[in-house]
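Accompanying notes for the structure given below.
The values are calculated or read from the model by the stated rules, or taken from the named source; none is laboratory data. As the structure is a computational prediction, the values presented were derived from the model and not from experiment. Don't worry about glycine lacking a Cβ; one is built from the backbone with ideal geometry, like all the others, and counts go over all protein chains shown.
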Amino acid sequence: MASGTEITVTGRRGFIAGGKVTAADKIRAKVLGSEMGANTIIEVGADPQLKIRLKELQKNIQTASKNIDSIKPTIDGFTKMLKAGAKFTPDQVANAKKLIEMNKTLNAAD
């Protein structure tokens, strides 16, 4: 269970047992946890939506890094061949320019 700011569990029993509960400011219950061995994780002080966004951004960074790693050898190879005087078709030059631009964009996102 996740909440923006506060979680209050009331009622006759008012307990949180098992699972994960996250709130930015406050979690209130009569009983937290269980003697039966169910893992209960309580997180307070971090906005759950910010944590979700952070995970998304970390995933985006990882994907961008993989893309950079896959583009770099092609650009390096093209550059070496160009310096060696190799001739390329207009399509090959256009593709290389796209890869170079994509590499610049991905590196700028870091």
Filter result for ALA64 (among the hydrophobic types (A, V, I, L, M, F, W, C), modelled with pLDDT of 85 or more and assigned to a loop (DSSP other than H, G, I, E, B)) | no
For the stretch 66-110, which residues satisfy the criterion of being surrounded by fewer than 13 Cβ atoms within 10 Å (Cβ to Cβ) and among the small types (Gly, Ala, Ser)?
-> SER70, GLY77, ALA84, GLY85, ALA86, ALA94, ALA108, ALA109
State the number of residues belonging to the stretch 74-110 that are over 16 Å from ALA64 (Cα atoms) and basic (Lys, Arg).
-> 4
